[in-house]
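See below for the structure under consideration.
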Amino acid sequence: MMSMSSWKFFNQVPIVLIKFYRAFLSPLLGPSCKYFPTCSSYALEAFQRHNFFYASWLTVWRVLRCNPFSKGGFDPVPPVSVNKNKFSGKTKESGNG
């Protein structure tokens, strides 16, 4: 199992790429995001909070939803849930009974 510092290390590459996009490419394209936070802010926050694979999934899903047919609006990055078991829907405290 990877420690928290390991996934933060792997997340540095996409974080640098997002910051490059925001500094150099985004100003050339102009504002176009329908969501708050913007897609690049959302992606940056996802990679700062979550592991590489989950953050990648969140980012791709967000960009796919950002299209002319969506309403947009407030769409925050999901919080980190340490005690949640995604497969059974139970928390560690709930036990087997």
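Quick look at the values:
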| read-out | value |
| --- | --- |
| Matching entry among Ser81, Ser26, Ser70 (being surrounded by 15 or more Cβ atoms within 10 Å (Cβ to Cβ), among the small types (Gly, Ala, Ser) and modelled with pLDDT under 95) | Ser26 |
| Count of segment 13-42 residues which are in a helix (DSSP H, G or I), of a type in the set (Ser, Thr, Tyr) and farther than 11 Å from Asp75 by Cβ | 3 |
| Segment 1-14 - residue that is modelled with pLDDT of 90 or more and not polar (S, T, N, Q) and, of those, farthest from the chain's Cα centre (by Cα) | Val13 |
| Scope segment 51-66; condition in contact (Cβ under 8 Å) with a residue 24 or more places away in the chain, surrounded by fewer than 20 Cβ atoms within 10 Å (Cβ to Cβ) and closer than 14 Å to Phe10 by Cβ; matching residues | Asn51, Phe52, Ser56 |
| Matching residues, segment 15-59, being β-branched (Val, Ile, Thr) and under 9 Å from the mean Cα position of the chain (by Cα) | Thr59 |
| Selected residue (only one of Leu17, Leu44 is of a type in the set (A, V, I, L, M), at pLDDT 95 or above and in contact with a helix residue (DSSP H, G or I) (Cβ under 9 Å, 6 or more places away or on another chain)) | Leu44 |
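The values are calculated or read from the model by the stated rules, or taken from the named source; none is laboratory data. All of these numbers come straight from a predicted model, not from anything done at the bench. Neighbour counts are summed over all protein chains in view; Cβ atoms, including those assigned to glycine, are modelled from backbone coordinates with ideal geometry.
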